[in-house]
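The values are calculated or read from the model by the stated rules, or taken from the named source; none is laboratory data. Keep in mind that what you see is a predicted model, and the values were worked out from it rather than measured. Cβ atoms come from the backbone with ideal geometry, glycine included; neighbour counts cover every protein chain shown. These accessible areas exclude ligands, DNA and RNA; they are computed on the full protein's heavy atoms, side chains included. Shrake-Rupley method; radii C 1.70, N 1.55, O 1.52, S 1.80 Å.
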Amino acid sequence: MTSAVRILFAKPGLDGHDVGAKVVVRALMDAGFEVVYTGLRKTPEEIVRRVCDEDANVLGLSILSGSHVPICRRIGALLLENQREDVLWIVGGNIPQRDHAALYDIGVDAVFAVGTPLQTIVDFLRENVP
Amino acid sequence: MSRQTHADLKEVINESGIVIQPVYASEDVEASGGWDGIGKPGEFPFTRGIHELMYRQRPWTMRQYAGFGTPEETNERFRYLIANGQTGLNVAFDLPSQVGLDSDDPAALGEVGRVGMAVDTLKDFEIAFEGIDLARITVSLTINGPAVTLIAMYFAMAQKRGYDVRTLRGTAQNDILKEFIGRGTWVFPVEPSIKLVGDTILYCAEYAPLYSPVSVCGYHIRESGATPVQEMAYAFCIARAYIDHVLQRGLGIDEFASRLSFNFDIHGNLFEQVAKFRAARRLWAKLMKEQYHTEDPRSTWMRMIAGGGGGGLTIEQPENNIVRSAYYALISALSGTQTMALCSFDEAYTIPSEKAARISLRTMQILIEEMGLCDTVDPLAGSYYVETLTNQMEERIRATMNAVDQEGGIVRAIAEGRIQNVVSRQAYERLKKLESGEIRKVGMNCYRMEEEEDVQVGFHPFKEEDCATQIKRLEQVHAERDKERVGRLLEQLLADARAGRNVMPAVIESVKAYATVGELTRCFVEAYGKYQEPVCF
């Protein structure tokens, strides 16, 4: 039931490049998901608070600056602290292959690097939303 | 020749919405506005270039975007580029600096020195430019939100080194309105942000008359999803917003207009881009004359950096980007640019390696030394196709500007998020067409290889320890500076900001006393508040 899926989509860190984030948000909306987009420059604390407040079952992040590992490490810890590690967590952007394993270790459920077809993201969510 | 119908041919429409004929003739130029607008290079309306002899006299400035890690590492890269023949510098700052934070701010987590050079105080500028002759190498600062602070640091550093600011050349990007559309390094709300840009223009007109305080960017608007026509139209609307603001504050148009410059994007159809630049140069000259009654011809010049756009490069088969960038450089040269920069082939992955940066530089040098691009001015002039397209692009840019004006102007459109909405919708539609193959992209959606070879891109080594080095230096500056003096100067700055006075004099005094980027930003936030991003789809 995609209509019940609530996705919090966020731009963490200081990176201001939001073309990709907005494209993915539009694709998810067109696919029938309910998406809340936070806008730019959200701290890990703000993002996890929004996950709790919005009762989101999916968290999507877009990061292009290269700071995905330290940011996700912090968000992972906060999700655990707030007992929201159940949230389906996806990360996209400029994420080199060599960092994927580190992100999965932190608790990210899927990494969609630049070049991933939009449909792949939609299909993943349809199949995996808790 | 009457227009033949070619029912069997597939219709071709360029990104700006213009239908492209299979053959052009003189009638097409006449039907689209005629030959009269072409004129001569160096003469109004400057379709063919702002100078009479263009590259025959002096080739374009080569100015690769560079900077990473600490000021020491950046200084090393600057020297490398200069040693390899680069004739200008364009400084990349890290994200904390770009949004006005110090390296020790908790919000700077993981970002210090990552996408550019870290800057906290004047000390960092002193290190970054050590040994670089600022009279010979002009420097461009890619800084927007806290531009007043970093321009002030540049002036203060130059003064300390014995240069006279009155003769100092260089550019700051300092185009905050486009940051709200794309790129996103805004800090303060829209109106005070424009006021700060105005402060730099007024200050430079009086004290640094050869410095270009603003480079109005179509580049990032195009990268965010705008068409080539929208790129120029929105940039011109933004430039007019700054001009109107400065005129309101009492400066005469010819006292500052000649120091405004532009930053534009190149990717996509070659002829559409060349026509875009020729059309825009003509239209800008006309607008400056018709609407602002400029008397100094230089006030009507559309001076530009036109660079190979990252948006045209692909993460797939990255070596193909070397070829794409070479074509973008060719377009830039055929368009009469003043300055050129290219995204390096590995830039979809990482900070450019030395080798990738050198290949970009060599690409431009090959055009200058081997291809004859500097021999004669505006070599495409008189082409039926190019002149027709130039006429058509000019008309469309003007129409798009008029539409923005009729809907309440660019400042309101940006503050309400309307431009952002238009371009991000277009970016989405474009990606869908790329995914479906309707728009062809070599190596991405066609000519894929059965098994893609391993990508041969060396990643730029990010040094975690740079952050500690930077914080240590910041602590050292804190310990050594005259704390009370800094406090007094910041109080003065806050008072000036609150009273609506030009903040530049107080900013310059503060940075000379080693006030930090973050301290100055906090003053401005106290006076002006923070920008609230409109999120609308």
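Counting Lys and Arg as +1 and Asp and Glu as -1 over every other residue whose Cβ lies under 12 Å from the Cβ of B:Ile414, the net charge comes to -3. Loop-located trypsin sites (Lys or Arg not before Pro) in region B:230-296 (DSSP state other than H, G, I, E, B) with a sparse environment of at most 15 neighbouring Cβ atoms within 10 Å: B:Arg249.
Peptides B:225-231, A:49-55, B:500-506 ranked from most to least packed, by the mean per-residue count of other Cβ atoms within 10 Å: B:225-231, B:500-506, A:49-55. For region B:277-292, backbone phi angles converted through the Karplus equation (6.51, -1.76, 1.60; θ = phi - 60°) give residue-by-residue couplings of 5, 5, 5, 5, 4, 5, 5, 4, 4, 5, 4, 5, 7, 5, 8, 10 Hz, Gly and Pro being listed as x. Residues whose amide H comes within less than 5 Å of that of B:His267, counting only those at least five positions distant or on another chain, are B:Gly309 (H built at 1.01 Å from N in the peptide plane).
Which angle between 0 and 90 degrees, to the nearest 10, do you get for helix B:71-83 versus the longest principal axis of chain B when only C-alpha atoms count? Taking the Cα atoms of chain B, the angle to B:71-83 is about 40 degrees. Residue by residue along B:91-97, Cβ atoms of other protein chains within 10 Å of the local Cβ number 2 on average. Sorting B:Tyr154, B:Tyr219 by accessible area puts them as B:Tyr219, B:Tyr154; the probe is 1.4 Å, largest comes first, and only protein heavy atoms count. Only protein heavy atoms count here; under a 1.4 Å probe, B:Cys446 has an accessible surface of about 10 Å². Over the protein assembly as shown, the reciprocal of the mean inverse Cα-Cα separation, the Kirkwood hydrodynamic radius, stands at 25.8 Å. For region B:19-436, the alpha-carbon coordinates run over 63, 50, 46 Å along the three principal axes, in decreasing order. Solvent-accessible surface of chain B, averaged per residue with a 1.4 angstrom probe and all protein chains in place: 40 square angstrom. Computed from phi, the 3J(HN,Hα) profile of region A:80-85 under the Karplus parametrisation 6.51, -1.76, 1.60 (θ = phi - 60°) reads 5, 4, 9, 6, 10, 5 Hz, with x in place of Gly and Pro.
Heavy-atom surface analysis with a 1.4 Å probe gives region B:144-190 a carbon and sulfur content of 46 percent of its accessible area.
Of all aspartates and glutamates in the structure, the ones whose alpha carbon falls short of 16 Å from that of B:Lys195, not counting any fewer than 8 places away in one chain, are B:Asp175, B:Glu179, B:Asp244, B:Asp496, B:Glu526. Between the residues A:Gly32, B:Gly408, B:Thr167, the greatest Cα displacement towards the positive end of the dipole of the protein assembly as shown, with unit charges on the Cβ of Lys, Arg, Asp and Glu, is found for B:Thr167.
Summing both sides, the accessible surface hidden between B and A at a 1.4 Å probe radius is close to 2700 Å².
Relative to the longest principal axis of the Cα atoms of chain B, the long axis of helix B:418-436 makes an angle of roughly 60 degrees. Using the 1.4 Å probe convention, the accessible area of chain A works out to 41 Å² per residue with neighbouring protein chains retained. Annotation: extensible slack from B:Arg498 through B:Lys432 equals 19.0 nm (criterion: 0.36 nm per residue apart, minus Cα-Cα distance).
Against chain B, whose longest principal axis is taken from its Cα atoms, helix B:228-248 shows a tilt of about 40°.
When the listed pairs B:Lys10/B:Lys441; B:Lys276/B:Lys530; B:Lys40/B:Lys441; B:Lys463/B:Lys483 are checked against a 29 Å cut-off, the alpha-carbon distance exceeds it for B:Lys276/B:Lys530; B:Lys40/B:Lys441; B:Lys463/B:Lys483. Figure note: A:Phe124, B:Phe459 ranked by solvent-accessible area, largest first, 1.4 Å probe, ligands and nucleic acids not counted: B:Phe459, A:Phe124.
The accessible-area ordering, largest first, of the residues B:Arg298, B:Arg183 stands as B:Arg298, B:Arg183, per a 1.4 angstrom probe.
Sparsely packed loop sites in region B:82-173 (the trypsin sites (Lys or Arg not before Pro) outside DSSP H, G, I, E and B with at most 16 other Cβ atoms within 10 Å) comprise B:Arg136, B:Arg161, B:Arg169. What does the accessible area of A:His100 come to, in Å² to the nearest 10, when a probe of 1.4 Å is used? Rounded to the nearest 10, the figure is 20 Å².
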